[in-house]
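To start, the structure under review is shown below, and the notes come after it.
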Amino acid sequence: MKAERSVQLALLDVQALDSELLQLSHRAKTLPEIAHIAELDEKLATLNDNRVKAQTELSDQERALKKSEEEVELVRTRRVRDEERLNSGAITNPKDLTNLQNEIAAIDRRIGVLEDAELEIMEMLEAARAVADEAVALTSEADAAKAELVAARDVQLAEIEAKRADLLADREVAVPRVSEDVLALYTKLAAQYGGLAAGVLERGRCSACRLELNSSDLREVLAKPADDVVRCPECNRILVRTLDAGA
Ligand SMILES: [Zn+2]
């Protein structure tokens, strides 16, 4: 394959741009924020589970308290009614009077038991509220931390994207300076070698594989006409010879 030196140098420009583009996509994928966000997402899933459980427990206790208050209210109403009957003078039979007094005493005991239970529920409700408040606070804290990380990630991704657009624009300019057949070979080798398809021969060393050519290979490479597209004897990539290639 033949290509003028200027075409081969243009290919090195394309390679340099492609290498930078590759580094950029690697950077975009490996931003530390991305890993931190994933960690936080896991933590948030647990925190949200805990929050939902705590809030469910809280509303269970609130319901229990309401039920208990209604129960106490009901028994109190009955006591007021019995008391009124007792004081009305309508009941004269001593046995009925004793029965009513016993009933009122039983109601008082019942009210005592119910109020004790209500107090217990109130204590549990307060504890549940504290747990729920804490769970909500922890979740919002993690949510805020995540929002901060997402914002930091997005700033960097925007910077990377802007840089990428610049590089692609430069590539648009560089690519037409490379002949089609050389570009096709480059593209094929780039796919094969993870993006690095062309190196430059610097002081007897291939910049792509970083290996030094042995003296007979070097002599052979340097003896070829300047417009020959040479391949590195070590890594088989395109090897561009600059004017001081062998020095
Ligand atoms: Zn090489």
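Let me confirm something: among Ser19, Ser68, which residue is at pLDDT 95 or above and in the same structural domain as Glu120 (by TED's automatic domain parsing)? Result of the check over Ser19, Ser68: Ser68. In the stretch 1-32, how many residues are farther than 19 Å from Ala158 by Cβ and not charged (D, E, K, R)? Count: 15. Does Leu189 meet the test of being farther than 22 Å from Leu22 by Cβ, free of Cβ contacts under 8 Å to residues at least 60 places away in the same chain and buried (at least 17 other Cβ atoms within 10 Å of the Cβ)? It is false that Leu189 is farther than 22 Å from Leu22 by Cβ, free of Cβ contacts under 8 Å to residues at least 60 places away in the same chain and buried (at least 17 other Cβ atoms within 10 Å of the Cβ).
Residues in the stretch 81-96 that are assigned to a helix (DSSP H, G or I) and surrounded by fewer than 10 Cβ atoms within 10 Å (Cβ to Cβ): Asn87, Ser88, Pro94, Lys95. Among the residues examined, Asp228 does not qualify as acidic (Asp, Glu), at pLDDT below 95 and farther than 30 Å from Asn48 by Cα. Would you be able to tell me the number of residues in the stretch 227-244 that are crowded, with 18+ Cβ neighbours inside 10 Å and away from the ligand (no atom under 13 Å from the Cβ)? Qualifying residue count for the region: 1.
Residue-by-condition table, conditions (1) in the same structural domain as Leu9 (by TED's automatic domain parsing); (2) out of contact with any helix residue (DSSP H, G or I) (no Cβ under 9 Å at 6 or more places or on another chain); (3) away from the ligand (no atom under 15 Å from the Cβ):
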site: Ala191; (1), (2), (3): yes, yes, yes
site: Leu201; (1), (2), (3): yes, no, no
site: Cys206; (1), (2), (3): yes, yes, no
site: Cys209; (1), (2), (3): yes, yes, no
site: Ser215; (1), (2), (3): yes, yes, yes
site: Leu218; (1), (2), (3): yes, yes, no
site: Pro225; (1), (2), (3): yes, yes, yes
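If we scan the stretch 64-78, do we find a residue that is assigned to a helix (DSSP H, G or I), without any contact (Cβ under 8 Å) to a residue 24 or more places away in the chain and more than 54 Å from the chain's Cα centre (by Cα)? So far as the stretch 64-78 goes, yes, one or more of its residues are assigned to a helix (DSSP H, G or I), without any contact (Cβ under 8 Å) to a residue 24 or more places away in the chain and more than 54 Å from the chain's Cα centre (by Cα). Annotation: of all residues in the stretch 158-178 being of a type in the set (Asp, Glu) and surrounded by 11 or more Cβ atoms within 10 Å (Cβ to Cβ), the one that is farthest from the chain's Cα centre (by Cα) is Asp170.
The values are calculated or read from the model by the stated rules, or taken from the named source; none is laboratory data. If you're wondering where the values come from, they're calculated on a predicted model, not measured in any experiment. Virtual Cβ from ideal backbone geometry, glycine too; neighbours counted across all protein chains shown.
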